[in-house]
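Structure first, commentary second.
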Amino acid sequence: MALCIVQLGSDRAPDEGLRIGTVRRPPRGVPKAEFASRNYYDCWLPELSPEAELMAQAQESVKLRAAGQTAEADKLWKLFEKQFRKQLAEPATDRTLGLLAALSHSSAFSIGCYCEDESQCHRSILRSLLVDKGASIKN
């Protein structure tokens with residue numbers, strides 16, 4: 001058993017288990033009853049997604065990188081990461097991460113976000129924090 005980190009909306013692996021959406025907003029234009037059947041998520045845990053202001057900062061970093069402004073993008077991403085880690089260090093959220101890390105040793109499930117590139121997505125930070133908490137993560 002292990003935890004998978006996935007892109008929401010992508011095909012599910014046969015042994016992936018329950019898919020948890022760690023996004024602030026549900027998928028646009030998709031009826032709630034179809035979230036799971038369209039491979040978005042089975043349950044929603046927005047507490048593990050960046051707050052709106054932080055998400056805008058991360059998206060700006062991605063835009064800068066796409067425009068070739070790598071140094072500025074890296075600086076903005078590091079600031080985003082620092083602030084998002086602070087958000088996730090709040091006691092209730094930290095306990096949720098601990099719970100997911102513990103469950104990863106006895107249950108198959110996944111967490112994810114819509115972003116295509118994990119390296120420029122908050123799920124890369126979630127992965128790091130879950131590893132620090134001893135989670136069993138499948139690549």
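If I filter the stretch 75-82 for residues that are closer than 19 Å to Arg127 by Cα, of a type in the set (Asp, Glu) and modelled with pLDDT of 95 or more, do I get at least one hit? The answer is yes, given that some residue of the stretch 75-82 is closer than 19 Å to Arg127 by Cα, of a type in the set (Asp, Glu) and modelled with pLDDT of 95 or more. For the residues Ser104, Ser119, the requirement of being open to solvent by less than 40 Å² (accessible area, probe 1.4 Å) and among the polar types (S, T, N, Q) singles out Ser104.
Determine whether Gly134 is in contact (Cβ under 8 Å) with a residue 12 or more places away in the chain, at positive phi and open to solvent by less than 70 Å² (accessible area, probe 1.4 Å). If you could, list the steps in order and put the result at the bottom.
Working: in contact (Cβ under 8 Å) with a residue 12 or more places away in the chain: yes; at positive phi: yes; open to solvent by less than 70 Å² (accessible area, probe 1.4 Å): yes.
Yes.
Within the stretch 18-61, the set of residues being basic (Lys, Arg) and open to solvent by 40 Å² or more (accessible area, probe 1.4 Å) comprises Arg24, Arg25, Arg28, Lys32, Arg38. Residue count for the stretch 3-17 satisfying the condition of being out of contact with any strand residue (DSSP E or B) (no Cβ under 6 Å at 6 or more places or on another chain), modelled with pLDDT of 95 or more, open to solvent by less than 60 Å² (accessible area, probe 1.4 Å) and farther than 13 Å from Tyr114 by Cα: 0.
No other residue among Cys121, Cys115 is touching a residue at least 24 places away in the same chain (Cβ under 8 Å) and in contact with a strand residue (DSSP E or B) (Cβ under 6 Å, 6 or more places away or on another chain) apart from Cys121. Those helices (runs of 4 or more DSSP H) of the stretch 1-120 in which 3 or more residues are closer than 26 Å to Gly134 by Cβ and among the hydrophobic types (A, V, I, L, M, F, W, C) occupy 70-88, 91-103. Among the residues of the stretch 62-98, those that are over 15 Å from Glu51 (Cβ atoms), surrounded by fewer than 16 Cβ atoms within 10 Å (Cβ to Cβ) and either in contact with a Phe, Trp or Tyr (Cβ under 9 Å, 6 or more places away or on another chain) or among the aliphatic types (A, V, I, L, M) (or both) comprise Ala66, Ala67, Ala71.
The values are calculated or read from the model by the stated rules, or taken from the named source; none is laboratory data. Just so you know, these numbers come straight off a predicted model, no measurement behind them. Neighbour counts run over all protein chains shown; Cβ positions are idealised from the backbone, glycine included. Heavy atoms of the whole protein, side chains included, go into the accessibility calculation; ligands, DNA and RNA do not. Shrake-Rupley method; radii C 1.70, N 1.55, O 1.52, S 1.80 Å.
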